[in-house]
Amino acid sequence: MDFAFTPEQERFREEVRAFCREHVDSSVRAWLQAHHEEHDPVFYRKIAERGWIGMQWPPEYGGQGRSHVDMAIFYEEMGYARAPLGRYTGSVVFVGESIIAYGTPEQKAYFLPRIARGELTCCWALTEPGAGSDAAALQCRAVEEGDYFVVTGQKVFTSGAHLADVGMFAVRTDPNAPKYHGISLLLIDMNSPGITLRPLYTLGGWRVNEIFLDHVRVPRERLMGQKNEGWRHVLTTLGFERAGLAPVGTLLRTVDDLMAYLTQREEAGQPVAAAWRERLAELVTEIHAARWMAYRVAWLQDSGLPDLARSSMAKVLTADLHYRLANLVVDVLGLDGLVRGPEAPLDGLGEQLYRAALFHHIGGGTMEMQLNAIALQGLGLPRGA
Amino acid sequence: MDFSLSETQELLRRTLREFLQREYPSRVVRAAEASERGYLPEIYRRLGELGVLGLTVPEAEGGAGGGWVDLAVFYEEAGRALLASPHLSSVVLGGGLLARWADSAQRQAWLPALASGERVLAVAWPLDAGEPGPCGLVAQPAAGGYRLRGEVPHVAHYVGADAVLLVAERADAAGRLGLFLADPTAPGLTVTPQPLQSGEPLVRLRCDDVWLPAEAAVGEPQPAAVLFGPTLDGAKTAVAALALGGAAAAVDMAVAYAKERHQFGRPIGSFQAIQHRLARLAMLVEEARLLVYAAAWQLDQGMEARRAAAMAKLQAGTAFREAATGCILVHGGYGFMLETDPQLYYRRAKVLEFAFGPPAAQQALIAATHTPFIPA
């Protein structure tokens, strides 16, 4: 048992930390909020210059051959700095990792180095209006015509589709096969004729998208993995999505901001109720547990023992903590915590966290779906009717 | 980074699991509860023969010279089995303090016997106190020795102990505490039973002008924090591991029952209301496990572990209480009956939340010791 980071890992952490100190400040957050974005192209280029996009990939694909623990360190530091990683996650964790797992050699050679250099970003389009938690109910149709698939249908809640160059789409290639068969994955250029986007704005403030596809022609070589057996691949990708990156860094940051605020208030002669500190202590304890949980998930991946139930646990726990901590911040600040604009304490952190909190309960699979996974895969409970 | 146990630790876990499953089924848990001491000396001695009681005792004194992670493995398994034993008082707290301060004669007289389980040491320390400090006794120098008076509530494992280690303020050394070894039947020592609902026969210990010879003193008077060193953090971590084991066993029991119990023609474990309750409990257990082993590891590294031990105890206490509650609820009416086992966990869970400091004390400590993730 060893809860320590290696000297190399500590050095890497310092490197990321110094980078964030230099490149992330409150103006980055302000710009993102004003533009309803979770992506900052300038910042993204800088990460690419450091070689951190796809850092866990082998060098021949533009990576640094780093471990998942390194990735978790990167995410923790970036999260603590409140750095924008929206496109990073879409391009690297969802699509890039999937290309590694089941892309063709040509797809790997073409896409991965471009993703790693930051030239090309990706989005992951699975959810449809009629296929949310029941994702395999998807209806987006791809018909084979010669060397092309012709795709018609609709996707919804797609993060970053308006910025991405390429989308990884789950589509139905065989409508007559049983539900879990007949699904395939296609890498589709987002500027293809026939694609239109409609913005949807989230409660958290950032934009996601509705995607309409009308006879979009996709070359056959953009098929990923096995035709009609894409559901298996979808599950793998959802695994990456869950295992990746429980957002613990932002929780640590919010705790520190709140602690500093309480101390300031006390120093200004306004006593702080012990109850706030006790509630905060309870959350801090669980945040530490979540932190080790995230590192254990990464360590299990590095050890070749990916564990879906434990990934889901990390996700459910961090989602809970986001919600509970957001509420504590607002409770401590009082109604001022919901004020927007220059009058707002802590730069409006309270109201921003409160609005954004439930994202983690839904994105990447709802809490109920994660709890199902823990119960069925982790505890071996019988499937319901 | 490595979240796995070593081969030796895995072997220890397996050995304990097999021994306790065979020798300590719930029938024996009940027998221990009904017994005078609250634990079964015979079982305790056999654990001594297995060599697990002296895990943290130095090798020179008959122990295994192991660390806190080893102890956490032992306590997690003990917690699973709801093992009642005086080990926490006798070896972790009492033995820990003796190993820190006793002279070589006292060490040789006590530590090997504590490590083997042949003798048991009680400590006049309230079970619900977790921070170094005075606990109610004052020692005054007197002809040829010391005279002690005062009162300590909630003393564990006193009944049947071979000796008691008294923690007393030293009237001759302001702000310092001293340790004294005494015969539990010494004149002037009286006990009032404070039996807990979990079956632990706690006592309130009164010292009425108890005279002890000079050689009863263990070490020199010390400031409280120095006297205890990491001992109380270790005890908290051990309690947390005990609670972790109890929580894990309660969840396992509930999961097993949910798979076999049928209602509406289906196992109740196929209903999401049950599944999600159990999934959340399994999460609490995992949270506790990570914090317990992180604290034990920090202790083994010689790192400051006050905060880590407080976190482990807080979270494991919650996990055990919630898991025991969930276990009863999943069992429905049967869970509320004395003749079934879930109630055994439920009654012990709340006790462990208090052992070595209640939740509020841990929260206050965690809040007071906060340092930013990135130092300013």
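The values are calculated or read from the model by the stated rules, or taken from the named source; none is laboratory data. For clarity, every value in this text was computed on a predicted model and none was experimentally measured. No Cβ is skipped: glycine too gets one built from the backbone with ideal geometry, and neighbour counts run over all protein chains shown.
Of the numbered conditions (1) within 28 Å of B:Leu111 (Cα to Cα); (2) within 14 Å of chain A (Cβ to nearest Cβ); (3) of a type in the set (Phe, Trp, Tyr), B:Phe271 fails exactly one; give the number of that condition.
(1)
Quick grid of which residues meet (1) within 13 Å of chain B (Cβ to nearest Cβ); (2) in contact (Cβ under 8 Å) with a residue 12 or more places away in the chain; (3) in a helix (DSSP H, G or I); (4) polar (S, T, N, Q):
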site: A:Phe5; (1), (2), (3), (4): yes, yes, no, no
site: A:Glu10; (1), (2), (3), (4): yes, no, yes, no
site: A:Arg17; (1), (2), (3), (4): yes, yes, yes, no
site: A:Glu22; (1), (2), (3), (4): no, no, yes, no
site: A:Arg29; (1), (2), (3), (4): no, yes, yes, no
site: A:Leu32; (1), (2), (3), (4): no, yes, yes, no
site: A:His36; (1), (2), (3), (4): no, yes, no, no
site: A:Tyr44; (1), (2), (3), (4): no, yes, yes, no
site: A:Ile47; (1), (2), (3), (4): no, yes, yes, no
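Out of all the residues in the stretch B:250-268, which are of a type in the set (Gly, Ala, Ser), more than 9 Å from chain A (Cβ to nearest Cβ) and in contact (Cβ under 8 Å) with a residue 12 or more places away in the chain?
B:Ala250, B:Ala254
Here is a yes/no grid of residues against (1) of a type outside the set (A, V, I, L, M, F, W, C); (2) part of a loop (DSSP other than H, G, I, E, B); (3) in the same structural domain as B:Arg17 (by TED's automatic domain parsing):
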| residue | (1), (2), (3) |
| --- | --- |
| B:Ala72 | no, no, yes |
| B:Glu77 | yes, no, yes |
| B:Val91 | no, no, yes |
| B:Gly95 | yes, no, yes |
| B:Leu98 | no, no, yes |
| B:Ala109 | no, no, yes |
| B:Leu114 | no, no, yes |
| B:Ala129 | no, yes, no |
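From the list B:Met303, B:Met283, B:Met253, B:Met311, pick out the single residue that is among the aliphatic types (A, V, I, L, M) and outside any helix (DSSP H, G or I).
Just one listed residue meets the conditions, B:Met303.
Pick out the one residue from A:Gly205, A:Gly182, A:Gly249 that is surrounded by 15 or more Cβ atoms within 10 Å (Cβ to Cβ), at positive phi and under 18 Å from the mean Cα position of the chain (by Cα).
Answer to the selection: A:Gly205.
Would you confirm, using the coordinates I've provided, whether B:Ala99 is more than 24 Å from B:Ala355 (Cα to Cα), away from every other protein chain (no Cβ under 14 Å) and more than 15 Å from the chain's Cα centre (by Cα)?
On the way: more than 24 Å from B:Ala355 (Cα to Cα): no; away from every other protein chain (no Cβ under 14 Å): yes; more than 15 Å from the chain's Cα centre (by Cα): yes.
Answer is no for this residue.
Hey, does the stretch A:239-246 have a residue that's surrounded by fewer than 22 Cβ atoms within 10 Å (Cβ to Cβ) and either closer than 25 Å to B:Tyr293 by Cβ or at pLDDT 95 or above (or both)?
Scanning the stretch A:239-246, I find no residue that is surrounded by fewer than 22 Cβ atoms within 10 Å (Cβ to Cβ) and either closer than 25 Å to B:Tyr293 by Cβ or at pLDDT 95 or above (or both), so the answer is no.
Would you pick out the residues in the stretch A:248-270 that are away from every other protein chain (no Cβ under 14 Å) and not in a helix (DSSP H, G or I)?
Result: A:Ala268, A:Gly269, A:Gln270.
Can you run down the residue pairs with Cβ atoms below 8 Å, 6 or more apart or on separate chains, where the first is in the stretch B:93-105 and in contact (Cβ under 8 Å) with a residue 24 or more places away in the chain and the partner is aromatic (Phe, Trp, Tyr) and in a helix (DSSP H, G or I)?
Short answer, once both residue conditions are applied: B:Gly95/B:Trp110; B:Leu97/B:Phe228; B:Leu98/B:Trp110; B:Ala102/B:Trp110.
Can you tell me how many residues within the stretch A:327-385 are assigned to a helix (DSSP H, G or I), within 14 Å of chain B (Cβ to nearest Cβ) and among the charged types (D, E, K, R)?
Going residue by residue through the stretch A:327-385, those that are assigned to a helix (DSSP H, G or I) are A:327-338, A:345-356, A:359-362, A:367-378.
Now narrow it down to the ones that are within 14 Å of chain B (Cβ to nearest Cβ): A:328, A:332, A:361, A:367-378.
Checking which are among the charged types (D, E, K, R) leaves us with A:368.
Residues in the stretch A:327-385 being assigned to a helix (DSSP H, G or I), within 14 Å of chain B (Cβ to nearest Cβ) and among the charged types (D, E, K, R): 1 in total.
Across the stretch A:271-286, which residue is nearest to the other protein chains (Cβ to nearest Cβ) among those that are more than 22 Å from B:Ala316 (Cα to Cα) and of a type in the set (A, V, I, L, M)?
The initial filter retains those residues of the stretch A:271-286 that are more than 22 Å from B:Ala316 (Cα to Cα), namely A:271-274.
Subset that is of a type in the set (A, V, I, L, M): A:272-274.
Numbers: A:Val272: 10, A:Ala273: 12, A:Ala274: 7 Å.
By that ranking, first place goes to A:Ala274.
Residues of the stretch B:1-39 being loosely packed, with under 15 Cβ neighbours inside 10 Å, within 14 Å of chain A (Cβ to nearest Cβ) and either in contact with a Phe, Trp or Tyr (Cβ under 6 Å, 6 or more places away or on another chain) or not in a helix (DSSP H, G or I) (or both), which ones?
Once the filter is applied, which keeps residues that are loosely packed, with under 15 Cβ neighbours inside 10 Å, within 14 Å of chain A (Cβ to nearest Cβ) and either in contact with a Phe, Trp or Tyr (Cβ under 6 Å, 6 or more places away or on another chain) or not in a helix (DSSP H, G or I) (or both), the stretch B:1-39 yields B:Asp2, B:Ser4, B:Ser6.
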